[in-house]
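Scroll down for the structure; my scribbles are underneath it.
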Amino acid sequence: MMSRILLAAAFLMGLVPTASAQLTGHDKTFVLDAAQINNYEIRAALLADKYSNNPVYRTYAITIANDQTEESAQLQTTVADEDPSMRLPTGVSPSGQRMLTALKNSRNVNATFRNQMIASKLATLRMYQSYIGEPDVNSEIKKMAQGLMTTFERQLEDARNLPPT
């Protein structure tokens with residue numbers, strides 16, 4: 001009985017780790033960047049779907065929007081499990097906003113969208129590979145990142161295979 005009281009007191013004083021590990025600064029930077037990339041890609045895909053007159057590009061855009069929406073939900077769930085106090089951004093980075101503006105104002109939405117998706121997927125793959133390669137990152141975030149690599153590779157290949165416009 002006394003050991004239970006001591007354990008409870010130690011828990012309340014923060015001396016016993018809880019089941020959910022807090023995220024490090026590196027983990028937080030990664031998930032914040034990943035969330036902003038997701039937000040950008042969803043918005044870019046919705047713009048491409050709206051402004052493109054090519055059904056192949058519109059289909060790709062819808063696929064990107066759906067995939068990234070699923071990834072956003074997976075990222076949110078994983079982060080909430082690891083650090084319930086952390087909130088992910090709902091906006092895009094300043095560079096993402098510049099790319100959205102360029103896409104919206106483009107005379108060739110299809111080419112701009114294709115080029116932006118190729119660049120975004122290459123950057124995303126590099127970011128995820130770098131995070132996965134780090135030894136001291138959160139294991140659950142790392143597992144999630146590893147699981148998404150195949151999707152990103154497929155999306156990149158699909159973007160590269162879009163017909164020229």
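Miscellaneous remarks
- Where TYR60 falls short, out of the listed (1) more than 19 Å from MET127 (Cα to Cα); (2) loosely packed, with under 14 Cβ neighbours inside 10 Å; (3) not basic (Lys, Arg): (2)
- Matching option when the condition is within 27 Å of PRO135 (Cα to Cα) and part of a helix (DSSP H, G or I), among GLN76, GLN97: GLN76
- Residues satisfying the stated conditions in region 116-165, i.e. touching a helix residue (DSSP H, G or I) at 6+ places or on another chain (Cβ under 9 Å), in a helix (DSSP H, G or I) and of a type in the set (Val, Ile, Thr): ILE118, THR124, ILE132, ILE141, THR151
- Filter pass, ALA145 being buried (at least 18 other Cβ atoms within 10 Å of the Cβ), of a type in the set (A, V, I, L, M, F, W, C) and within 16 Å of the chain's Cα centre (by Cα): yes
- Test for LYS142: is it at pLDDT 95 or above and over 21 Å from TYR57 (Cα atoms): yes
- Top-ranked residue in region 75-88 [being surrounded by 14 or more Cβ atoms within 10 Å (Cβ to Cβ) and among the polar types (S, T, N, Q); ranked as farthest from ALA159 (Cα to Cα)]: THR78
- Enumeration of residues in region 136-159 that are among the β-branched types (Val, Ile, Thr) and either over 20 Å from ASN66 (Cβ atoms) or in contact (Cβ under 8 Å) with a residue 12 or more places away in the chain (or both): VAL137, ILE141, THR151
- Just one of (1) part of a helix (DSSP H, G or I); (2) in contact (Cβ under 8 Å) with a residue 12 or more places away in the chain; (3) among the β-branched types (Val, Ile, Thr) fails for VAL92. It is (1).
The values are calculated or read from the model by the stated rules, or taken from the named source; none is laboratory data. Bear in mind that the values here come from a model prediction, so they are computed numbers and not experimental data. So basically every Cβ, Gly included, is an ideal-geometry build from the backbone, and we count neighbours across all protein chains shown.
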